[in-house]
Structures are given as structure tokens and as C-alpha cells.
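Visitor: Let me begin by handing over the structure; questions about it come next.
The values are calculated or read from the model by the stated rules, or taken from the named source; none is laboratory data. Source: prediction; values computed, not measured. All Cβ positions, glycine included, derive from the backbone under ideal geometry; neighbour counts span all protein chains shown.
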Amino acid sequence: MKTAFNIARVELQVLFYSPIAWFILIMFTFQVGMFFCPTFGGLVTSQAIGNQLPGGLSYQVFASRAGIFGIMQGYLYLYIPLITMGLMSRELGSGSIKLLYSSPVSNCQIILGKFISMMIYGLVLIGILFCFVLFAAFTIKSFDFPLILSGLLGVYLLICAYAAVGLFMSSLTSYQVVAAMLTLAVLAVLNYVKGWWQDIDFVRDITWWLALSGRSDTFVNGLICSEDFIYFLLVITLFLMFAIIKLKAVRQKSSWTVTWGKYIGVFVLAALLGYISSRPKMMFYYDVTETKMNTLTENSQEIMAKMKGGLTITTYVNLLDKHFRMGLPEERNRDLSRFNRYTRFKPEIDLKYVYYYDKADNKSLDERYPTLTDRERMIKIANNYDLDSNMFLRPEEIRQVIDLSGEKNRFVRQVVRESGEKTFLRVFDDAVVFPTEAEITAAFKRLVMDLPTVGFLKGHGERDCLKEGDRDYNIFAWAKTYRYALINSGFDVKEISLNEELPEKLDILVIADMKTPLSENEMTRLNAYIERGGNLLIVGEPRRQEVMNPLVEQLGVRFLPGQLVRLTEHFLPDLVLAKATPEANAMSYLFNSLSYAKGVIAMPGCTALEYVDDKGYDVIPLFVSDSARGWNELQTVNFIDDKVELNPETGEVERSYVTALALSRQFGEKRQKIVVLGDADCLSNVELSRGRANVKAANYILISGIFYWLSDEEVPIDVRRPPLPDNEVYIGETAMEVFKIIFKWILPIGLLIFTIFMWIRRRGK
């Protein structure tokens, strides 16, 4: 080992005698400063003008896509070949390799010594990065040091892997430029091989594992994974062994068959070790981040702990569905990676894919191939994507396996436990498309326990939870393509009639905008449900006070006569933009998030609420209307053609009114909960699917927040993480301008002057 270190010392002396090593250090320092200053300076400026900085500044500056670590990794791809191209090429070209061969130095010592010199040079590069890390550590509140140290480790391992590749390439030729080009070529292959032959079974796993791209990103994001760490060790060892084999072949004049046999043997051994290390059961993780953002939340982990026995996730891919590309063989590894957080806690998850074609709601396909049959369309698409049409089951074949008509033959996954429980995991028609942790865990939770049942009252003209009309509640309750629908959040949904006793397995009853009153018997059954502590969502609407008030007056609540209005420039007066109250923010984190984002609930046609009698309930006002230019209109009903004016003489008062309130009382061992809304349209299909200019409406949060509270915080799944504490910088704009000059100019120029001084001094000798 001493000999290897001596070789490393000599190599470093030679390296720093040349201008290339110094040039790379200068350029590296300059580039880090050029990218660091705008990012960090932007934070300083934002704070200076009064903005509250979000948590996670450490991640934002260093680990994000625009962070220093991510950007500089791209430049290492160019720098390392330049520094490694002469490691062995110089020896071969000058003939000094013969002196090494004639000395009592082994091939392993030569290669190891050369590589140690690169490891030390890599530490110098890391040291430059660490200078900026130290600056950030002293100027960012609660700086996340573990995250950044993990990122530095990832960058350093990448440097070492690049150096090992460059060392081997340098041993193949006496021309330094050729060595540099070969290194670039191999690094390009290792970075892009992930996308090669992904449509071929078995081969896709090999090329996916071989890929170097993204390996260091795991460390940069704060997750130390045994697979990635072992991968770097294997790549480094593999190319160092290749270099040793090459030297030995030249030194002992071995035949090409023996040499290539050794190459193949070493590669196969490395691949075998890599395969073993990549098995889910053999992988170990350590999440260094403050909030464990790379790991499932505790709620999700609790669900996975209850998931005993085998678990199979089968993805059904319909070639005629608009989402079919996400499930194609070439996308399979990328698709499987979406479940990595879950396989960490349940390695035995089995993921399968079934391909078929059948009628689908795909308008673009109808427009493109209006005259073709479904089979002809399938063949056409298969040919366009170079797919074997025989891999797709016919409609009659897939129906023998599973009936997907209820899912409209969309891209869908079926999750099945070994014990027989089943559920679907869907994709959604939004920008994210794929289910997040909240939806995945909700689906898994359905497999291990009974989830709350929501019943929608029918029989009196209520909003229908099954119909897709503008005023109905299909999106809110049943829409399988809507992420925040109750069935995708973890609820069971059914229609309920008061013609018979309400079932015991009914956790929440929704009464939305009745048009006709309940009969005496129906009211008796409803009261029996209330008296046993059942939870309720009661939704009113203007001009329904006569029908709805008998329901809520027994709770101490009353829908006021008239309708809330607010005069604005761009919208009809009957549009109320309700804001969450401080009490609502304290009641649910979802309402608090709405207030934090300065969002509102759009209520197009709303009745004001008041609590009139003490019925033993704790009352919480949830949402209120704006007091400015808003009142309870008692005369006007046509808000399109008639002019709306405040008339105090009729009792109209300009003030804020309650639009939603919550009631609760202790009932035995549980707490009964009731929510009353003054507007039914805010939950309707048309309102949940529309947007308004300059209005930050988030009515879906109203749904999630209400049912989260009504279900005793069981669903939707709470996947929150603690707020990140690094949300403040301890430096002003003036000081930052000084440091910009230091980082962008003084450090690189100072390093340049030192380089010139050292070069002159060495030349003088």
C-alpha cells in the first residue's frame, strides 16, 4: 500500500505541474460561484422585500434541479476525462511505462496509485464545494447538514467512478486525446444505456442497472441506498480491474483470448454481485433528510406493517386508452420505480402487467381513425410503436380474466392480497396523473381494514352522487378519474333511502339540497340516526329554506332567508368567495393550508347560516363571506337581468356571514360531528371542473377537509411531514453583493494568481 501511495504522490506532482489540473480547478470554482450566487442571492432578495421563505432552503440551494450539486454533475462529465487522459497514456507515449515494468512494482500497485491520485484530486473538487456549503451553513437558519453531506458523498462517488473509467481508457492508448474521447464515449454509454432495449424482457433490467445516470441523485436527495453505493463500488472496481488486466496482458504478452476471458469473467462477477444487491430484500436505506422526505410517512408505514402475506399489483394496459404509453414494456422500469418506497417495507410485492385492447373513451382516437374497427386501431397503434400486436388480448379474452367495464377500460391497477382482498388503484385526469402516497396508501388501507361509509340520501330531489349533470355530485363522490373523489380518498360510497332504517355500517350521511320535505316516518328514522351519534353533512341552497330548516333547526342551526351577494367587477353578485376562519384552520390542517395559500371556496349561490339555539353542540364557524360590499340579499332573485342594491330598510346589512359551520358533541365514547353548508353548488360537477380568472378557488380542499374531520381523521390519509426549519437567511442584500464579488471573481482570480505563481516557481527550478 505504501508503494501505491508513493505512486499517487508522484502522480499528483506531475498532475499539478501541468496547467490542465489548475485550469479545471479554476473553472470549477468559477462555475460554482456563478451558479451559487443567483440562487442564494434570489433568496436574500426575496426575504428582503418581505416574503416568507419556504422551508427547505438547504435542499433548494444545493440538491434541487437548479441546485449546485445537480448542475455541477453535468460539468464533471467534461472535466474528469481531461484530467484522467494522461494517467497511463503519458506513460505509454513517453516510454516510462518500461521503467515501471522493470521495477518491483505490481500492476495492481500502479493502477491503485494512479487511482488514489484521482481520489485526492476529487477531494480537492469536493473541498471547493464544501467552501460554499460552509457559507450556507452559517447563513441559513437550521441548515440541513446531513442532507448536504449525503449530496457531497454522491458527487464524490460519481467523480471516483468517472476517474476509474478514465484510468482504464488511458491504459488502452498512448494518445491522450484519444483516451479522453474514449472516456467521453464510455461515460455517454453509461449515462444513456438506461433507455436502451427497454422493450425487451430481461435485457431491460440489465441496461437499467448498468446506467450511471441518476445514481448520485439518490445521495443528493438525501437517501443513502445500499444498491447505489454498491453500484459505485462495483463500477470503480470493475474498471480498475480492467486496467490491471490490460497492463498484465501487455507486461506478460498474454493472448487476446485469455485477456478477453478475464474481462468477461470480471464483468460477469460484477453483474452477479450487482444483481444480488439490487434485489428488494437485499437493499438497505438510510434517509438523512430532516423530514424523511424519501421515506413513507408514519401513517403509510403503519398500513404496510398490517399488510401480511403476499401482495400482487397487476397493471392492465389498454392500447386504445389515452394513457397506454405509461404501461408499455419500454416504460416498465420507470413505472415500477413509483412503488420503490413501498417495496422498501414490503419487498415481496409482485408487479405484473397485462396488455389488451377494448373499447375506451378516447376522443382523439375516434377523430384520428373514425372508420377503423377497434382491432384495426390496435394494429395501427401497435405498428406505430413497433409493438407485437399478438401481445394484446382480445376484448373477449380480457373479459374472461377480469371485468374492467366499471373502470371504462382505462389504465388501471388491481391490488390483490394473498388472502383475497382486492381494490383498484387508478390514474387521474390531472397534471400529476399518477396516484401519490395519499391515494396509494388509501388503496392499501382498504385491503386491511374497513373504511368509512358515506351514504348519499335520495328520494327527495337531492343532488345525485351517480349522475354526471352539472348540478350533480358524481365528481365529488364517484368519479374514478378525480383524485379527490371520495372513493379515491378511501371512502365507501352508496345511495341511502329513508324508506327503511339506516344501516348500522353508515358513518357519514350526506343530505344535499332536498326539494321536498321528509315524511314523518323518514324524519323519525333520520332522528334515530342522529340520536345514535351518526355524523352528517347537510347542504342547503337558496330558496330551499322551507324544506331544509326543519332538518337543521333541531340542531340549533337555521338557513337565513334570502341569498348572499357581493358586488364585484367581473362576476355575478351571487358568487361568494368564502374564506376559512381561524377556528377552521385550527380544526383541520387542510383548511389551514388553504388559508396559507390565500385560497377561497367558490360558492355560486349561497345561503347564510346562523346558530340560534343551544342544543348541546360545540359550534365552529368554518367559512365566512367577505364583509366588503357583501350582504344577505332579501329581494332580488334574478342576478343576471336585475340590478342588485343594498336596501337597509328591508333588513339587509353589509357584513360578513357564516357560509359553513361545524357542530360536535360527545356521544358515549365517540364524538358526533355535523357540518352544515349554505351552498350545494360548491360541490357540484360543474364547479369542481371549472376555473375563474384571478380566483384561487380550491373547492376540492373543502371536500377533503370536511370528510377528514367527519371520519375522525381516518381518511383521506394524512401524509404531511413536519415543516422544514431552514426557512430564513441571516444575511442582507448589501452583504450578499460583497460575497457575490468574492465567490464569482476574487476566489477564481486568486486561484489563477496562485497557479501562475506556482507555475513560474516550478519553471524557475
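Visitor: For the stretch 469-486, how many residues meet the condition of being more than 20 Å from Gly605 (Cα to Cα), assigned to a loop (DSSP other than H, G, I, E, B) and not small (Gly, Ala, Ser)?
Guide: Looking only at that region, the number is 6.
Visitor: Just to be sure before I move on: is Lys579 assigned to a loop (DSSP other than H, G, I, E, B) and of a type outside the set (Phe, Trp, Tyr) in the structure I sent? So that I can check it myself, show each step before the final result.
Guide: Values: assigned to a loop (DSSP other than H, G, I, E, B): no; of a type outside the set (Phe, Trp, Tyr): yes.
Considered against the rule, which asks whether it is assigned to a loop (DSSP other than H, G, I, E, B) and of a type outside the set (Phe, Trp, Tyr), Lys579 comes out as no.
Visitor: Sort out which residues of the stretch 252-291 are charged (D, E, K, R) and under 26 Å from Trp208 (Cα atoms), and write them in order of number. Break it down stepwise before answering.
Guide: Step one: list which residues in the stretch 252-291 are charged (D, E, K, R), which gives 253, 262, 279, 281, 287, 290.
Answer for the stretch 252-291, where residues must be charged (D, E, K, R) and under 26 Å from Trp208 (Cα atoms): Lys262, Arg279, Lys281, Asp287.
Visitor: Do we find a residue being among the aliphatic types (A, V, I, L, M) and not in a helix (DSSP H, G or I) anywhere in the stretch 143-164?
Guide: no
Visitor: Please enumerate the residues belonging to the stretch 666-689 that are surrounded by 14 or more Cβ atoms within 10 Å (Cβ to Cβ) and out of contact with any Leu (no Cβ under 9 Å at 6 or more places or on another chain). Can you show your working first?
Guide: Taking the stretch 666-689 first, the residues surrounded by 14 or more Cβ atoms within 10 Å (Cβ to Cβ) are 667, 672-685, 687-688.
Within the stretch 666-689, Phe667, Ala680, Asp681, Ser684, Asn685, Glu687, Leu688 meet the criteria.
Visitor: Related question: Going through Asn333, Asn294, Asn299 one at a time, which residue ends up being in contact (Cβ under 8 Å) with a residue 40 or more places away in the chain, touching a strand residue (DSSP E or B) at 6+ places or on another chain (Cβ under 8 Å) and of a type outside the set (Asp, Glu)? Break it down into steps so the answer makes sense when it comes.
Guide: Details: Asn333 fails: touching a strand residue (DSSP E or B) at 6+ places or on another chain (Cβ under 8 Å); Asn299 fails: touching a strand residue (DSSP E or B) at 6+ places or on another chain (Cβ under 8 Å).
Within the list Asn333, Asn294, Asn299, the selection yields Asn294.
Visitor: Follow-up. Among (1) among the β-branched types (Val, Ile, Thr); (2) outside any helix (DSSP H, G or I); (3) touching a Leu at 6+ places or on another chain (Cβ under 7 Å), which single condition is Val266 missing?
Guide: That leaves (2) as the condition not met.
Visitor: If Ile756 meets every condition in (1) part of a strand (DSSP E or B); (2) free of Cβ contacts under 8 Å to residues at least 24 places away in the same chain apart from one, which number is that one?
Guide: The single condition Ile756 does not satisfy is (1).
Visitor: Another question about this same structure. Going by the structure shown, is Leu590 in contact with a strand residue (DSSP E or B) (Cβ under 8 Å, 6 or more places away or on another chain), under 16 Å from Leu661 (Cα atoms) and not basic (Lys, Arg)? Write out each step before concluding.
Guide: Values: in contact with a strand residue (DSSP E or B) (Cβ under 8 Å, 6 or more places away or on another chain): no; under 16 Å from Leu661 (Cα atoms): yes; not basic (Lys, Arg): yes.
It is false that Leu590 is in contact with a strand residue (DSSP E or B) (Cβ under 8 Å, 6 or more places away or on another chain), under 16 Å from Leu661 (Cα atoms) and not basic (Lys, Arg).
Visitor: Something else: Mind checking which residues of the stretch 439-452 are among the hydrophobic types (A, V, I, L, M, F, W, C) and under 13 Å from Arg338 (Cα atoms)? Break it down stepwise before answering.
Guide: Keep residues of the stretch 439-452 that are among the hydrophobic types (A, V, I, L, M, F, W, C), which gives 440, 442-444, 447-449, 451.
Across the stretch 439-452, the qualifying residue is only Ile440.
Visitor: Residue under question is Ala21, and the condition is that it be surrounded by fewer than 20 Cβ atoms within 10 Å (Cβ to Cβ), touching a helix residue (DSSP H, G or I) at 6+ places or on another chain (Cβ under 7 Å) and within 22 Å of Phe743 (Cα to Cα); does it hold?
Guide: On the way: surrounded by fewer than 20 Cβ atoms within 10 Å (Cβ to Cβ): yes; touching a helix residue (DSSP H, G or I) at 6+ places or on another chain (Cβ under 7 Å): yes; within 22 Å of Phe743 (Cα to Cα): yes.
Yes; evaluated as a whole, the condition is true for this residue.
Visitor: Also, quick follow-up: Restricting attention to the stretch 397-451, report how many residues are assigned to a loop (DSSP other than H, G, I, E, B) and under 25 Å from the mean Cα position of the chain (by Cα).
Guide: 12
Visitor: In the list Ile706, Ile717, which residue meets the criterion of being within 26 Å of the chain's Cα centre (by Cα), buried (at least 21 other Cβ atoms within 10 Å of the Cβ) and not assigned by TED's automatic domain parsing to the domain that holds Arg463?
Guide: On the way: Ile706 fails: not assigned by TED's automatic domain parsing to the domain that holds Arg463.
Of the residues listed, the single one that is within 26 Å of the chain's Cα centre (by Cα), buried (at least 21 other Cβ atoms within 10 Å of the Cβ) and not assigned by TED's automatic domain parsing to the domain that holds Arg463 is Ile717.
Visitor: Could you tell me which residue of the stretch 281-324 is farthest from the chain's Cα centre (by Cα), considering only residues that are closer than 30 Å to Ala63 by Cβ and among the charged types (D, E, K, R)?
Guide: That would be Lys281.
Visitor: Among the residues of the stretch 181-203, how many are touching a Pro at 6+ places or on another chain (Cβ under 9 Å) and either exposed (fewer than 15 other Cβ atoms within 10 Å of the Cβ) or modelled with pLDDT of 80 or more (or both)?
Guide: Looking only at the stretch 181-203, we keep the residues that are touching a Pro at 6+ places or on another chain (Cβ under 9 Å), and these are 181-184, 187, 198-201.
When the remaining residues are screened for being either exposed (fewer than 15 other Cβ atoms within 10 Å of the Cβ) or modelled with pLDDT of 80 or more (or both), the result is 181-184, 187, 200-201.
So the count comes out to 7.
Visitor: Further question on the same structure: Would you call Ile244 in the same structural domain as Asn191 (by TED's automatic domain parsing), without any contact (Cβ under 8 Å) to a residue 60 or more places away in the chain and of a type in the set (A, V, I, L, M)?
Guide: On the way: in the same structural domain as Asn191 (by TED's automatic domain parsing): yes; without any contact (Cβ under 8 Å) to a residue 60 or more places away in the chain: no; of a type in the set (A, V, I, L, M): yes.
No; evaluated as a whole, the condition is false for this residue.
Visitor: Now for a different question. Looking at Leu53, is it in contact with a helix residue (DSSP H, G or I) (Cβ under 7 Å, 6 or more places away or on another chain), closer than 22 Å to Thr173 by Cβ, assigned to a loop (DSSP other than H, G, I, E, B) and touching a residue at least 60 places away in the same chain (Cβ under 8 Å)?
Guide: Numbers: in contact with a helix residue (DSSP H, G or I) (Cβ under 7 Å, 6 or more places away or on another chain): yes; closer than 22 Å to Thr173 by Cβ: no; assigned to a loop (DSSP other than H, G, I, E, B): yes; touching a residue at least 60 places away in the same chain (Cβ under 8 Å): yes.
Spelling it out, it is not the case that Leu53 is in contact with a helix residue (DSSP H, G or I) (Cβ under 7 Å, 6 or more places away or on another chain), closer than 22 Å to Thr173 by Cβ, assigned to a loop (DSSP other than H, G, I, E, B) and touching a residue at least 60 places away in the same chain (Cβ under 8 Å).
Visitor: Right, next: When you go through (1) more than 12 Å from Ala660 (Cα to Cα); (2) part of a helix (DSSP H, G or I); (3) not charged (D, E, K, R) one by one for Ala584, which number turns out not to apply?
Guide: Condition not satisfied by Ala584: (1).
Visitor: So the check is Cβ under 7 Å with 6+ separation or different chains; which pairs have a first residue in the stretch 722-747 that's assigned by TED's automatic domain parsing to the domain that holds Phe132 and closer than 18 Å to Thr29 by Cα and a second one that's crowded, with 19+ Cβ neighbours inside 10 Å and among the small types (Gly, Ala, Ser)?
Guide: So the pair list comes out as Phe743/Gly33; Lys744/Gly33; Leu747/Gly33.
Visitor: Might you let me know whether the stretch 51-60 holds any residue that is surrounded by fewer than 20 Cβ atoms within 10 Å (Cβ to Cβ) and hydrophobic (A, V, I, L, M, F, W, C)?
Guide: yes
Visitor: Is there any pair linking a residue in the stretch 112-131 that is farther than 25 Å from Phe36 by Cα and modelled with pLDDT under 95 to one that is part of a helix (DSSP H, G or I) and among the acidic types (Asp, Glu), with Cβ under 7 Å and at least six apart or on different chains, and which?
Guide: Listed pairs, sorted by first residue: Gly113/Glu11; Lys114/Glu11; Ser117/Glu11.
Visitor: Would you check which residues across the stretch 674-701 are among the hydrophobic types (A, V, I, L, M, F, W, C), over 15 Å from Arg463 (Cβ atoms) and within 28 Å of the chain's Cα centre (by Cα) and list them?
Guide: Ala693, Val695, Ala697, Ala698, Ile701
Visitor: If you don't mind, another one. Could you identify the single residue in Ile159, Ile140, Ile148 that is touching a strand residue (DSSP E or B) at 6+ places or on another chain (Cβ under 9 Å), surrounded by 20 or more Cβ atoms within 10 Å (Cβ to Cβ) and closer than 30 Å to Val288 by Cα? Lay out the reasoning, then the answer.
Guide: On the way: Ile159 fails: touching a strand residue (DSSP E or B) at 6+ places or on another chain (Cβ under 9 Å); Ile148 fails: touching a strand residue (DSSP E or B) at 6+ places or on another chain (Cβ under 9 Å).
It is Ile140.
Visitor: Look through Leu560, Leu575, Leu590 and report the one residue that is within 17 Å of Ser627 (Cβ to Cβ), modelled with pLDDT of 90 or more and in contact with a Phe, Trp or Tyr (Cβ under 8 Å, 6 or more places away or on another chain).
Guide: Testing whether each residue is within 17 Å of Ser627 (Cβ to Cβ), modelled with pLDDT of 90 or more and in contact with a Phe, Trp or Tyr (Cβ under 8 Å, 6 or more places away or on another chain) leaves just Leu560.
Visitor: Tally up the residues in the stretch 653-665 that are touching a Leu at 6+ places or on another chain (Cβ under 9 Å) and in contact (Cβ under 8 Å) with a residue 40 or more places away in the chain, please. Walk me through how you get there before you give the answer.
Guide: Here is the first cut: in the stretch 653-665, the ones touching a Leu at 6+ places or on another chain (Cβ under 9 Å) are 653-654, 657-663.
From the residues that got through so far, the ones that are in contact (Cβ under 8 Å) with a residue 40 or more places away in the chain too are 657-663.
So the answer is 7.
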